[in-house]
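Asker: Submitted below is the structure of interest, expressed as structure tokens.
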Amino acid sequence: MAFFQSKKWIAVYMVSLILSLWGCQSPQQTQDVAIIPQPLSMEKGSGTFSFSKETTIAVGNEEQRIIAENFASLFTLPAGFTPQVKTGQEGDIVFLTDNTMKSDAYELTVLPERITIKAADVKGFFYALQNLRLMLPPTIEGKEKTTDTWSIPSLTIKDAPRFNYRGFMLDVSRFFLPKEDLIRMIDCMAMLKINRLHLHLTDDNGWRLEIKKYPKLTEVGAWKVDRQNIPFPDRRNPKKGEPATIGGFYTQEDMKEIIRYAAERQVEIIPEIDVPAHSNAALASYPEFACPVVKDFIGVLPGLGAKNAEIIFCAGNEGTFDFLQNVLDEVMALFPSRYINLGGDEARKTNWKKCPLCQSRIHKEHLENEEELQGYFMARLSDYVRSKGKEVMGWDELTNSKLPEESIILGWQGYGNAALKAAAQGHRFIMTPARVAYLIRYQGPQWFEPMTYFGNNTLKGLFDYEPVQKDWKPEYEPLLMGVQACMWTEFCNTPEDVFYLTFPRLGALAEIAWVSKGTKNWNSFLKGLDNYNAHLACKGIRYAHSMFNIQHTITTETTGKLKVKLECERPDVEIRYTTDGTEPTSTSTLYEKELIIEKDTDIKAATFSQNKQMGELLVLPIHWNKATSKPFIHADAGMDILVNGLRGSLKYTDFEWYTGQLSKPISFTIDLQKPESMKQFTVGCITNYGMGVHKPRSLKVEVSNDNVTFTEIGKLTFTDKEIFKEGNFIENLSVETDEITGQFVKFTLESAGNCPEDHVRPEQPSKIYIDEVIIE
Ligand code: ACM
Ligand code: ZN
């Protein structure tokens, strides 16, 4: 990349950026060029081009006129003028069609007197305009009149994307995102040159698209009972007759408006009708298409659904296929996309195994088993879709049986590699690994994040992702259409929740989708991201600042000493901390290397840049007890955190919680290094009901002087009622005794076994998570 910039430009740029980081603010007079995704090549010139009420944009056709007018209309409120769009080749900004260029590619030349854009098609012109937009003051996104200077530095950009498919999946089933917010989301995607919006329109938790032939899909299927004040996994199923008040749907007219808005921004909307599973909303509306063995009330699920999630479309009933084909007819007529996604994920076959209709289908079609029945089901619908001239996409579970002909597979499991089974059969595929690209996961240190699922998928983790792996066969890469981030909305109750989880990580997805292999640069990406975020702020979009937060790790250095590591994924901030109880400021001690501590210490830390605090205040109250920093006899990996003097948060995945293997009791022995007098033995333990995380059945404490002969000091045993409590809370399980002396203390925690029938996770193994051992 040829990109020249002076130090002065960088300095001025950084100041203006920091000012604009948290709200919509006018930058200082000068701005530098900071665009994501990073263009292929960018060469700076001298001088600037200024927009004014005299500025004209000359376009070549109607398609170009639309994108130019949308761009010009950005100026109307904040600048108080609107550049004029006209047809021809005479203007201050000129579109020149060059048919020798590739679709999506563009050349943008900004001179003080003229801007020229060359591209083969409207896509290239649109992407060049997004660059102009990102080079303008972020207040261009706002509705307030400002006194900003609407100028752009001279430069030449030559650009083209790595992948044709640059995708974002949005789950509007778990949380219905109103039309206006969906439209805002599309504009934010388009600014990043993301060109596919995969809309997950149907699931157990809501059917979101009007289907004229089947009005109950939205009269019934779009509404669930109100359990909003309870975390998604903890929510109980609806009872028959319980009012269903939460939800919404897009009418076909709404969807036409959304599709048109997206098309003008070069975003193709790919509808997903997820079958045969994730279908409780459809089956709540038309229960006749569930297997007849299902006798339970079928409702739109507010949560995971427990056994009701096993209720799926009956594959033996001809009516199911008529129904779904009729639905698909309306979907295919509505969406101009050549792709239809049929889902196919996570279909549990419990009812198919018991259903006489499904079993008779297996017999008649000479299928081996229920897995092959899903293959039949998907192939039949896929053939129908293909007969209408469309192509089929689906999740990687489609590889579990014969793949529908020509289907395109989205790899989400096993780091996305589940899609390689499809690639090996010559199918095209898209990588969307859950472990990197699922935006539902935590985006930063969990102590600061709103409650969600599983582990961390940080901005940096997504940025670092390279879809093409070294061990791939050479024939796979040409079949890779691109990459996608998926925003599942189980934990969203407001549009702001959706935007918070999506941004800024969608910027990292755009970067890996656009930038040529091996040319990403984290530092320049962050500059472009800060600029993009400033535009989001001016659009009134909530985005996360998690990249400025500190992740801590506290481990045993040597007996009696703990090592405290503080990390932030932003290399351009300083971590500053205190140990005297005061809040850190920009002049507090600079964190340069791991801290070694040997007594009770309250560490407070935050990140700073240009004298401004950038992230949340991290407070680490580290408290010593007799077990702290002592060694284990045969420690399992990760046990260290049990003696690191720090308690965990209410998130059992925050890296302060230890869990063992499901099949075995958790058992460990701590060597206190010398005989100690003791009378209380405590283990910190967390309950997260919805995730099946519970107390142990029992906790036994034994003490020894020689690590050979142990004496049982006490044992706590809990009943099911005590163990399987609802909620998310931390308990101290303490065994107390008269003062005794010993050097080795052994703890044994036995599993509570499977969650009971009336649990939201019936018959699933309960898990134990513990954060600290406290011996006093
Ligand atoms: C999926 O995450 N079930 C595709
Ligand atoms: Zn059936």
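The values are calculated or read from the model by the stated rules, or taken from the named source; none is laboratory data. Bear in mind the structure is a predicted one, so any value in this text is a computation, not a measurement. Cβ sites come from the backbone with ideal geometry, for glycine too, and all protein chains shown count toward neighbours. For the accessible areas, the whole protein counts, side chains as well, though only heavy atoms, and no ligand, DNA or RNA atoms are used. Shrake-Rupley method; radii C 1.70, N 1.55, O 1.52, S 1.80 Å.
Asker: Could you check V15 against (1) open to solvent by 50 Å² or more (accessible area, probe 1.4 Å); (2) assigned to a loop (DSSP other than H, G, I, E, B); (3) modelled with pLDDT under 95 and say which number it fails?
Answerer: Of everything listed in (1) open to solvent by 50 Å² or more (accessible area, probe 1.4 Å); (2) assigned to a loop (DSSP other than H, G, I, E, B); (3) modelled with pLDDT under 95, V15 misses just condition (2).
Asker: From the list K123, K118, which one is assigned to a helix (DSSP H, G or I) and at pLDDT 95 or above?
Answerer: The match here is K123.
Asker: Let me ask something else. Restricting the search to the range 453-475, which residues are part of a loop (DSSP other than H, G, I, E, B) and either touching a Cys at 6+ places or on another chain (Cβ under 7 Å) or touching a residue at least 24 places away in the same chain (Cβ under 8 Å) (or both)?
Answerer: N457, T458, Y465, E466, P467, V468, Q469, W472, K473, E475
Asker: In the range 239-250, how many residues are out of contact with any strand residue (DSSP E or B) (no Cβ under 7 Å at 6 or more places or on another chain) and either within 13 Å of A282 (Cβ to Cβ) or open to solvent by less than 60 Å² (accessible area, probe 1.4 Å) (or both)?
Answerer: The qualifying residues number 1.
Asker: Kindly provide the set of residues from the range 220-238 that are open to solvent by 30 Å² or more (accessible area, probe 1.4 Å) and closer than 28 Å to N326 by Cα, ordered by number.
Answerer: V220, W223
Asker: Failed condition for L217, given (1) crowded, with 24+ Cβ neighbours inside 10 Å; (2) not in a helix (DSSP H, G or I), with all others met?
Answerer: Exception for L217: condition (2).
Asker: Also, quick follow-up: If we scan the range 539-559, do we find a residue that is surrounded by 19 or more Cβ atoms within 10 Å (Cβ to Cβ) and of a type in the set (D, E)?
Answerer: No, there is no match, as no residue in the range 539-559 is surrounded by 19 or more Cβ atoms within 10 Å (Cβ to Cβ) and of a type in the set (D, E).
Asker: Answer yes or no as to whether D159 is open to solvent by less than 10 Å² (accessible area, probe 1.4 Å), among the charged types (D, E, K, R) and more than 30 Å from H200 (Cβ to Cβ).
Answerer: Yes.
Asker: While we're on this one: Go through the range 292-312 and report how many residues are surrounded by fewer than 24 Cβ atoms within 10 Å (Cβ to Cβ), within 16 Å of ligand 1 (Cβ to nearest atom), among the aliphatic types (A, V, I, L, M) and outside any helix (DSSP H, G or I).
Answerer: 1
Asker: While we're on this one: What's the number of the only condition in (1) open to solvent by 20 Å² or more (accessible area, probe 1.4 Å); (2) touching a helix residue (DSSP H, G or I) at 6+ places or on another chain (Cβ under 7 Å); (3) more than 10 Å from ligand 2 (Cβ to nearest atom) that N317 fails to meet?
Answerer: So N317 meets the others, but not (3).
Asker: Could you figure out which of (1) within 10 Å of I603 (Cβ to Cβ); (2) surrounded by 20 or more Cβ atoms within 10 Å (Cβ to Cβ); (3) among the β-branched types (V, I, T) isn't true of I575?
Answerer: So the condition that I575 fails would be (1).
Asker: What number of residues within the range 437-448 are open to solvent by less than 10 Å² (accessible area, probe 1.4 Å) and away from ligand 1 (no atom under 13 Å from the Cβ)?
Answerer: Counting residues in the range 437-448 that are open to solvent by less than 10 Å² (accessible area, probe 1.4 Å) and away from ligand 1 (no atom under 13 Å from the Cβ) gives 4.
Asker: Within the set of pairs 6 or more residues apart or between chains, which connect a residue that is without any contact (Cβ under 8 Å) to a residue 12 or more places away in the chain inside the range 343-357 to a residue that is more than 8 Å from ligand 2 (Cβ to nearest atom) with Cβ atoms less than 7 Å apart?
Answerer: Once the first residue is without any contact (Cβ under 8 Å) to a residue 12 or more places away in the chain and sits in the range 343-357, no partner that is more than 8 Å from ligand 2 (Cβ to nearest atom) comes close enough.
Asker: Given the residues G414, G426, G455, which is the only one that is surrounded by fewer than 23 Cβ atoms within 10 Å (Cβ to Cβ) and within 13 Å of ligand 1 (Cβ to nearest atom)?
Answerer: Sole residue among the options that is surrounded by fewer than 23 Cβ atoms within 10 Å (Cβ to Cβ) and within 13 Å of ligand 1 (Cβ to nearest atom): G414.
Asker: Does A508 fit the bill of being touching a residue at least 60 places away in the same chain (Cβ under 8 Å), among the small types (G, A, S) and crowded, with 22+ Cβ neighbours inside 10 Å?
Answerer: The answer is no for A508.
Asker: Of the numbered conditions (1) in contact with a Pro (Cβ under 8 Å, 6 or more places away or on another chain); (2) in a helix (DSSP H, G or I); (3) of a type in the set (A, V, I, L, M), L506 satisfies every one except a single condition; which is it?
Answerer: (1)
Asker: So which of A262, A277 ends up being of a type outside the set (D, E, K, R), within 16 Å of ligand 1 (Cβ to nearest atom) and either out of contact with any Gly (no Cβ under 7 Å at 6 or more places or on another chain) or not in a helix (DSSP H, G or I) (or both)?
Answerer: Result of the check over A262, A277: A277.
Asker: Right, here's the next one. Can you give me the number of residues within the range 163-183 that are open to solvent by 20 Å² or more (accessible area, probe 1.4 Å), within 18 Å of V267 (Cβ to Cβ) and among the charged types (D, E, K, R)?
Answerer: The total comes to 3.
Asker: Follow-up. Looking at the range 251-291, which of the residues that are over 27 Å from the mean Cα position of the chain (by Cα) and hydrophobic (A, V, I, L, M, F, W, C) is surrounded by the fewest Cβ atoms within 10 Å (Cβ to Cβ)?
Answerer: Here the residue is F289.
Asker: Quick one: would you say T30 is among the polar types (S, T, N, Q), modelled with pLDDT of 95 or more and open to solvent by less than 60 Å² (accessible area, probe 1.4 Å)?
Answerer: For T30, the condition - among the polar types (S, T, N, Q), modelled with pLDDT of 95 or more and open to solvent by less than 60 Å² (accessible area, probe 1.4 Å) - is not met.
Asker: On to the next question. For R435, only one of the following conditions fails: (1) within 16 Å of ligand 2 (Cβ to nearest atom); (2) closer than 29 Å to Y543 by Cβ. What is its number?
Answerer: Tallying (1) within 16 Å of ligand 2 (Cβ to nearest atom); (2) closer than 29 Å to Y543 by Cβ, R435 fails exactly one: (1).
Asker: Still on this structure: Could you please let me know if I603 is part of a strand (DSSP E or B), open to solvent by less than 30 Å² (accessible area, probe 1.4 Å) and closer than 20 Å to E567 by Cβ?
Answerer: Criteria met by I603.
Condition check ((1) charged (D, E, K, R); (2) at pLDDT 95 or above; (3) under 40 Å from the mean Cα position of the chain (by Cα); (4) buried (at least 19 other Cβ atoms within 10 Å of the Cβ)) across all residues:
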residue	(1), (2), (3), (4)
T687	no, yes, yes, yes
K695	yes, yes, yes, yes
T709	no, yes, no, no
G714	no, yes, no, no
T719	no, yes, yes, no
E731	yes, yes, yes, no
E736	yes, yes, no, no
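Asker: Now a separate question. For the range 462-479, indicate whether the set of residues that are open to solvent by 10 Å² or more (accessible area, probe 1.4 Å) and of a type in the set (V, I, T) is non-empty.
Answerer: yes
Asker: For the range 171-213, give me each residue that is among the polar types (S, T, N, Q) and assigned to a strand (DSSP E or B).
Answerer: Within the range 171-213, just T202 meets the criteria.
Asker: When you scan the range 654-757 for strands (runs of 3 or more DSSP E) that lie fully inside it, which ones turn up with 2 or more residues that are in contact with a helix residue (DSSP H, G or I) (Cβ under 8 Å, 6 or more places away or on another chain) and within 30 Å of N456 (Cβ to Cβ)?
Answerer: 666-688
Asker: If you don't mind, another one. Which count do you get for residues in the range 89-119 that are buried (at least 20 other Cβ atoms within 10 Å of the Cβ) and basic (K, R)?
Answerer: Summing the residues that are buried (at least 20 other Cβ atoms within 10 Å of the Cβ) and basic (K, R) in the range 89-119 gives 1.
Asker: Here's a follow-up. Any residue at all in the range 192-206 that's open to solvent by 40 Å² or more (accessible area, probe 1.4 Å) and farther than 17 Å from N493 by Cβ?
Answerer: Within the range 192-206 (the criterion being open to solvent by 40 Å² or more (accessible area, probe 1.4 Å) and farther than 17 Å from N493 by Cβ), the answer is no, since none of the residues qualifies.
Asker: Next question, about the same structure. For the range 337-364, how many residues are closer than 26 Å to K390 by Cβ and open to solvent by 70 Å² or more (accessible area, probe 1.4 Å)?
Answerer: Residues in the range 337-364 being closer than 26 Å to K390 by Cβ and open to solvent by 70 Å² or more (accessible area, probe 1.4 Å): 2 in total.
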